[in-house]
Amino acid sequence: MKDAQTFQPRTAALLIAVGIFAFLSFIVFSILAGDAGRARTASANSFSNSAIGHKAFTNLLRELDVPIVVSRNQSALRAIGGSLLMVLEPNPGAAWEELRGTFHLADKVIVTLPKRFGVPRADKPDWLSKAQLLSRSVPGAILRSFAPGASLVRLEGEVEWNAQNIGPPPSIPNIQLMRGAGLEPLIASEEGIFLARVNVDGKEIYLLSDPDFLANHGLKKGGNARLVMGILDYLRDGDEGVVLDETVHGFLKVPSLWRSLLEFPLVVATVVALVAMGLLTWAATGRFGPLQPLAPPLQPGHAGLIENATRLLFTTGHEAEILQRYWRVQLRDVLHALHVPARLGERETREWLARLEIARGLKERAEAFENEVAFCAAGQSRDRRRLLKLARRIYLWKRELLNGSRRR
């Protein structure tokens with residue numbers, strides 16, 4: 001009897017093929033997905049490919065092997081241990097105030113004042129239909145939260161920069177600069193300060209007046225890319241990392257294992273795992289419908305007694321002895337049914353039986369059965385298939401001897 005199979009070979013092969021395809025798809029999508037699952041935005045943030053976005057800046061740092069983390073939660077805590085916390089063009093509001101209240105936790109902080117806002121296209125939300133300057137009151141309010149006496153100015157035309165050793169001067173038309181008390185200039189001109197250091201409750205904060213030099217549209221102009229790296233080298237020691245905050249742009253994300261498992265690309269692995277668990281459960285179950293009651297170990301009645309005794313004998317390996325007894329019983333029944341004279345001895349009985357077998361056209365002979373049974377009983381053969389075939393031949397021999405050959 002063949003073992004029960006949960007799946008047919010064709011079904012099992014199909015399931016294996018689906019599993020391999022899902023696994024390979026997960027690897028391919030993980031490699032090629034890029035920014036899949038990120039917000040499509042045209043605003044001034046590190047996810048944006050628009051002119052005012054900062055995607056090119058983050059790509060530049062990665063190309064130059066600068067350790068960078070785009071943070072969407074607890075940014076100041078991530079900057080503990082020497083990393084530089086960068087806040088680019090924060091949006092005034094509750095998220096900004098909450099982040100500013102944690103600046104004392106970070107080792108070093110630099111804030112770039114906002115300057116522009118963009119209007120996204122209706123058909124392509126990550127593209128801009130137009131970009132406009134913010135009112136000076138917006139970046140001015142953020143500036144005065146660090147230096148209450150400071151103000152903001154926007155200039156037209158070229159600017160003459162004072163000597164400094166941080167990097168080349170910024171290449172920005174219509175530049176936005178800071179003025180006022182409390183600002184220690186690091187990159188400045190006679191008209192105002194581009195990079196300043198301020199002291200807030202004993203904590204040094206660095207302020208950048210204009211974000212255009214590191215935005216997507218301005219990073220490639222003049223020496224702006226070298227200036228960005230010069231500022232980072234000035235503020236960092238060696239290979240210290242950069243933590244770029246995105247909570248101030250509305251990208252706060254509270255860590256959650258369950259939500260991460262349902263987001264791309266981990267959602268692919270989650271689906272594959274659920275399918276695998278379902279198939280494992282299906283294979284382990286191996287049945288459908290209600291539970292079937294177990295058969296009792298011993299069947300009642302004469303048939304059950306005979307079957308159980310047969311199983312027991314087969315288990316103990318006495319098949320040859322059973323066959324020998326079966327042959328003797330069948331031979332006795334044949335002699336009794338044919339009324340063999342009782343006066344005949346054993347040799348005469350065999351000769352009488354052989355003459356009857358020839359007369360009735362039987363191919364099988366009692367003498368041959370006697371020898372085969374004796375051979376098996378002597379332990380020369382324990383092949384159950386052979387023993388069963390021999391028992392069937394004995395049965396057919398008896399039936400033909402008593403009832404006549406089927407061929408006649």
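The values are calculated or read from the model by the stated rules, or taken from the named source; none is laboratory data. Since the model is a prediction, treat every value here as computed from it, not as a measurement. Using ideal geometry, Cβ is built from the backbone for each residue, glycine included, and neighbour counts are taken over all protein chains shown. Side chains included, ligands, DNA and RNA excluded: accessible areas come from the protein's heavy atoms. Shrake-Rupley method; radii C 1.70, N 1.55, O 1.52, S 1.80 Å.
In the range 180-193, which residues are under 54 Å from the mean Cα position of the chain (by Cα) and part of a strand (DSSP E or B)?
184, 185, 186, 187, 188, 193
Restricting to the range 47-82, name every residue that is open to solvent by 40 Å² or more (accessible area, probe 1.4 Å), closer than 23 Å to residue 210 by Cα, of a type in the set (S, T, N, Q) and within 29 Å of the chain's Cα centre (by Cα).
Of everything in the range 47-82, just one residue is open to solvent by 40 Å² or more (accessible area, probe 1.4 Å), closer than 23 Å to residue 210 by Cα, of a type in the set (S, T, N, Q) and within 29 Å of the chain's Cα centre (by Cα), namely 59.
Among (1) open to solvent by 50 Å² or more (accessible area, probe 1.4 Å); (2) modelled with pLDDT under 85; (3) within 27 Å of residue 214 (Cα to Cα), there is one condition residue 23 misses while meeting the rest; what is its number?
Looking at each condition in turn, residue 23 falls short on (3).
Considering only residues that are surrounded by 12 or more Cβ atoms within 10 Å (Cβ to Cβ), hydrophobic (A, V, I, L, M, F, W, C) and in a helix (DSSP H, G or I), which ones fall in the range 338-378?
Correct list: 352, 353, 354, 356, 366, 368, 369, 373, 374, 375, 376, 377.
Taking the stated definitions as given, is residue 364 touching an Asp or Glu at 6+ places or on another chain (Cβ under 8 Å) and touching a residue at least 12 places away in the same chain (Cβ under 8 Å)?
Yes, satisfied.
Check residue 222 against each of (1) among the small types (Gly, Ala, Ser); (2) over 47 Å from the mean Cα position of the chain (by Cα); (3) open to solvent by 50 Å² or more (accessible area, probe 1.4 Å) and name the one condition it does not meet.
Exception for residue 222: condition (2).
Out of the range 115-145, which residues are surrounded by fewer than 20 Cβ atoms within 10 Å (Cβ to Cβ) and part of a loop (DSSP other than H, G, I, E, B)?
Scanning the range 115-145 gives 121, 122, 123, 124, 125, 126, 127, 134, 135, 136, 145.
Please go through the range 153-177 and give me each residue that is in a strand (DSSP E or B) and either under 51 Å from the mean Cα position of the chain (by Cα) or farther than 21 Å from residue 133 by Cβ (or both), ordered by number.
Correct list: 161, 176, 177.
Need pairs with beta-carbon distance below 7 Å; first residue basic (Lys, Arg) and within the range 121-135, second part of a loop (DSSP other than H, G, I, E, B) and surrounded by 10 or more Cβ atoms within 10 Å (Cβ to Cβ); sequence gap 6+ or separate chains.
Going by the 7 Å Cβ cut-off, the qualifying pairs are 121/127.
Looking only at residues in the range 83-98 that are open to solvent by 10 Å² or more (accessible area, probe 1.4 Å) and assigned to a helix (DSSP H, G or I), which one is farthest from residue 67 (Cα to Cα)?
Going through the qualifying residues, I end up with 94.
Being under 19 Å from residue 162 (Cα atoms), crowded, with 22+ Cβ neighbours inside 10 Å and hydrophobic (A, V, I, L, M, F, W, C) narrows it down to one of 214, 227, so name that one.
Being under 19 Å from residue 162 (Cα atoms), crowded, with 22+ Cβ neighbours inside 10 Å and hydrophobic (A, V, I, L, M, F, W, C) holds for just one of 214, 227, which is 227.
Using the structure shown, decide if residue 168 is within 29 Å of residue 236 (Cα to Cα), of a type outside the set (Val, Ile, Thr) and open to solvent by 40 Å² or more (accessible area, probe 1.4 Å). Quick ask: steps written out before the conclusion?
Working: within 29 Å of residue 236 (Cα to Cα): yes; of a type outside the set (Val, Ile, Thr): yes; open to solvent by 40 Å² or more (accessible area, probe 1.4 Å): no.
Judged against the criteria, residue 168 is not a match.
Hey, any hits in the range 288-302 for a residue that's open to solvent by 50 Å² or more (accessible area, probe 1.4 Å), at pLDDT 80 or above, part of a helix (DSSP H, G or I) and over 30 Å from residue 22 (Cβ atoms)?
no
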